[in-house]
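The values are calculated or read from the model by the stated rules, or taken from the named source; none is laboratory data. Since the structure is predicted, the reported quantities are computational estimates derived from the model, not experimental observations. Note that each Cβ is placed from the backbone with ideal geometry, even for glycine, and that neighbours are counted across all protein chains shown. All accessible areas refer to the heavy atoms of the entire protein, side chains included, with ligands and DNA or RNA removed. Shrake-Rupley method; radii C 1.70, N 1.55, O 1.52, S 1.80 Å.
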Amino acid sequence: MIFSSVSFLFYFFPIVLILYFLSPRKYRNLILFISSLFFYFVGEKQYTLILLFSCVFNYFYAKRIKDKKSLWFGIVVNLSLLIYFKYTNFIVNDVLGFNNLVNIVLPIGISFFTFQAISYLVDVYRGTVSASSSFINFCTYLTFFPQLIAGPIVRYETVNEELIDRKENVDDASRGITRFCVGLFKKVVIADTLGSIVKLLSAIKARSSLSYFLEMISATMQLYYDFSAYSDMAIGMALIFGFHFLENFNYPLIAASVKDFWRRWHISLSSFLKDYIYIPLGGNRRGTLKTWRNLLIVWLCTGFWHGASWNYILWGLYYFVLLAIEKLFLYRALEKIPRFFRHLYTLLFVYFGWLLFT
């Protein structure tokens, strides 16, 4: 099910809302957990077992984390699932050259719930949060259907208190419904229309430079509106149920530098990579050479997280180079010119970046 489908809008979501608000408060997380498993099962069938394994393993293992070695074991278990399902085809068929030898199907959403599980284990180890004392509460966090398949990546500390005790209210529900409708409009009216334009332009036999440029612009706008629409709908639905997710997009297409763009685009992923990879590697505290090494690792991870193919790796390297140039000298120069030209520069390189991405 996708959020804009008839089955979700007119059957699944209304039924969940009715069951949720008619249930006693102590059973509401259970309703969300069971509903989320059903939501996932409809699309993924047997891969629901992978999601359940992640729930069971991370809930019980978090209570056993005592040192860095035990933390690393938990991270490796989570990453092993992600690597097997998401990257085996690429490693075997493309890297090792065994063309089409394996064809493993990727369970939808595995990148999101795996990153959430890893952030949970790390935060428990750091003492940022305590290991959950309720299996149902933890499973609700990890499987919550609004953000299960397309994010944002929600940290346990963001919703920890609301999992235990939250107060749904009319104001939040009103804002949630409005936010959901905005996201639905962005998806159905804007993103899907732009997708149709991209298909029409790509089908033209005698292509001109203008048609390629329009296709690039349309594809970029489609990607933004499609992705941000799901974040809007997820944040809106969470509000209805009393959860307050952090923002995932902050008008990235008005950015005035590539650095500014990545402060605004997919914020939950950027902050995850910063807090759980860049800073643990030493950030910028261990000298210039290691700073560049850390940035390179982060951007390789950024590219590879988005997809298992060479073009995603190149896309990550592309942004590493752009940000390195800005950091070394270009950003200071950009600050001296009018914002319109900085904005134009940013959009130009972002647009060309999507050519690598797609």
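Descriptive notes on the structure:
- For Arg207, the conditions (1) closer than 30 Å to Asn58 by Cβ; (2) open to solvent by less than 70 Å² (accessible area, probe 1.4 Å); (3) not in a helix (DSSP H, G or I); (4) not hydrophobic (A, V, I, L, M, F, W, C) all hold with the exception of (1).
- Selection over the range 52-70 of residues that are of a type outside the set (Val, Ile, Thr) and under 26 Å from the mean Cα position of the chain (by Cα) gives a count of 10.
Rundown of residues vs (1) under 24 Å from Thr358 (Cβ atoms); (2) open to solvent by 20 Å² or more (accessible area, probe 1.4 Å); (3) of a type in the set (Phe, Trp, Tyr), yes/no style:
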| position | (1), (2), (3) |
| --- | --- |
| Cys139 | no, no, no |
| Cys181 | no, yes, no |
| Lys187 | yes, yes, no |
| Ala203 | yes, yes, no |
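- Pro146 vs. criteria touching a helix residue (DSSP H, G or I) at 6+ places or on another chain (Cβ under 7 Å) and in a loop (DSSP other than H, G, I, E, B): no
- Odd one out for Pro280, checked against (1) assigned to a helix (DSSP H, G or I); (2) open to solvent by 60 Å² or more (accessible area, probe 1.4 Å); (3) of a type outside the set (A, V, I, L, M): (1)
- Residues of the range 210-242 that are closer than 15 Å to Leu184 by Cα, open to solvent by 20 Å² or more (accessible area, probe 1.4 Å) and either in contact (Cβ under 8 Å) with a residue 60 or more places away in the chain or outside any helix (DSSP H, G or I) (or both): Leu223, Phe227, Tyr230.
- Filtered residue count, the range 183-240, keeping only those that are aliphatic (A, V, I, L, M) and over 18 Å from Trp265 (Cα atoms): 19
- Pick from the range 98-133, criterion free of Cβ contacts under 8 Å to residues at least 60 places away in the same chain and open to solvent by less than 50 Å² (accessible area, probe 1.4 Å), ranking: farthest from Phe180 (Cα to Cα): Val102
- Take the conditions (1) in a helix (DSSP H, G or I); (2) open to solvent by less than 30 Å² (accessible area, probe 1.4 Å); Phe245 misses just one of them, which is (1).
- Near pairs, Cβ below 9 angstrom, 6+ apart or cross-chain, from the range 56-83 (without any contact (Cβ under 8 Å) to a residue 60 or more places away in the chain and acidic (Asp, Glu)) to any residue that is in a helix (DSSP H, G or I) and open to solvent by 20 Å² or more (accessible area, probe 1.4 Å): Asp67/Tyr125
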